[in-house]
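Engineer: Mind looking over this structure? Questions follow.
Coordinate-derived values only; no laboratory data. Computed from a predicted structure; not experimentally measured. All Cβ positions, glycine included, derive from the backbone under ideal geometry; neighbour counts span all protein chains shown.
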Amino acid sequence: MTSHIYARTSTTGQNVQQQAEVLSKAYPEAIVSTEQQSATSLDRPVLNELLNGLTNGDALIVYDLSRLSRDTADFLNLLERFNNEGIGLVVHNMGGATQDTRTATGKMVLTVLASVNQMQVELMKEKQAIGIATAKSEGKYKGRKPIDRAKIEKAISFLDKGLSKEDAAKLSNIGVATLYRALKAT
């Protein structure tokens with residue numbers, strides 16, 4: 001029986017170490033894994049490796065439910081998998097209480113909260129869409145700024161010199177995703 005901590009933030013600007021430290025103090029015997037990636041999907045490298053290594057009797061510990069999943073269907077599928085494989089899920093921060101799926105109450109509370117998490121995401125998207133529609137109607141929303149073609153050309157010249165896409169993008173002052181999109185379009 002091994003306990004595993006999974007600490008996650010969405011962006012590098014957020015501090016994953018704070019979660020890891022809080023959980024390590026509460027569960028000093030647990031093995032810590034950290035990741036900086038969005039929770040919109042369960043397809044995350046560190047999480048996948050961790051999930052594939054869990055066995056009967058193990059427990060996965062997260063700081064709060066949103067650190068694991070914001071999608072109710074994904075969460076419920078994961079919860080069913082854990083239940084079938086004898087794996088516990090411990091959510092450390094549930095309004096000051098800890099919930100553990102190895103109890104009936106913990107399982108019920110976490111299922112309800114997964115639905116609330118998804119509702120919050122959907123409400124946020126609705127508000128964003130309303131804000132964009134309002135800005136468009138007022139002529140204030142123009143979409144994404146066009147990509148500076150000179151920067152793309154500069155990045156491509158760096159690629160031709162053997163630099164990685166990440167380095168070429170950084171030296172050209174563009175995002176890696178922007179470079180990938182530009183390369184795909186050509």
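Engineer: To the nearest µm²/s, what D does Stokes-Einstein give for segment 99-155 at 25 °C and 0.890 mPa s, using the Kirkwood radius over alpha carbon pairs as Rh?
Structural biologist: 160
Engineer: Also, quick follow-up: Whole angstrom only: what separates the Cα centroid of segment 2-50 from the Cα centroid of segment 59-134?
Structural biologist: Value for the Cα centre distance between the two parts: 15 Å.
Engineer: Angle between the Cα long axis of helix 72-85 and the longest principal axis of the chain, 0 to 90 degrees, nearest 10?
Structural biologist: It is inclined by approximately 40 degrees.
Engineer: Which residue, Ser66, Ser172, Ser137, tops the fluctuation ranking in a GNM of the chain built on C-alpha contacts under 10 Å?
Structural biologist: Result for the chain, Cα springs under 10 Å: Ser172 fluctuates most.
Engineer: Let me ask you something else. Dipole size in debye (nearest 20) for the chain around its Cα centre, Lys and Arg Cβ +1, Asp and Glu Cβ -1?
Structural biologist: Approximately 1080 debye in magnitude.
Engineer: Let me ask another. Do the sum for the chain: with -39,500 (n - 2.57) for every DSSP H run of n ≥ 4, divided by all residues, what is the mean residue ellipticity at 222 nm, to the nearest 500 deg cm²/dmol?
Structural biologist: Values: 7 runs with 97 residues, N = 186.
Helix-only estimate at 222 nm: -17000 deg cm²/dmol.
Engineer: Just to be sure I understand: with springs between alpha-carbon atoms less than 10 Å apart, which residue in Gly95, Gly86, Gly175 has the highest mean-square fluctuation in the Gaussian network model of the chain?
Structural biologist: It is Gly175.
Engineer: Which distance in nm do the two modelled labels at Asn83 and Asn56 give, with both placed 7 Å along the Cα-to-Cβ direction?
Structural biologist: Inter-label distance under the simple model: 1.8 nm.
Engineer: Let me ask another. At a Förster distance of 22 Å, what's the computed FRET efficiency of Ser10 paired with Lys170, Cβ-Cβ distance as r, to 0.05?
Structural biologist: 0.60
Engineer: Could you work out the relative contact order of segment 10-90? I mean the mean sequence separation of Cα pairs under 8 Å and 6+ apart, divided by the number of residues, in percent.
Structural biologist: 30
Engineer: State the three equivalent ellipsoid semi-axes of the chain, derived from the C-alpha gyration tensor as the square roots of 5 times its eigenvalues, in descending order and whole Å.
Structural biologist: 38, 23, 14
Engineer: Turning to a different aspect of this structure: What angle, in degrees between 0 and 90 and rounded to the nearest 10, separates the Cα long axis of helix 16-26 from the longest principal axis of the Cα atoms of the chain?
Structural biologist: The angle comes out near 10 degrees.
Engineer: Hey, what angle do you get for helix 149-160 against the long axis of the chain, alpha-carbon based, 0 to 90 degrees rounded to 10?
Structural biologist: Taking Cα atoms only, the helix is inclined about 70 degrees.
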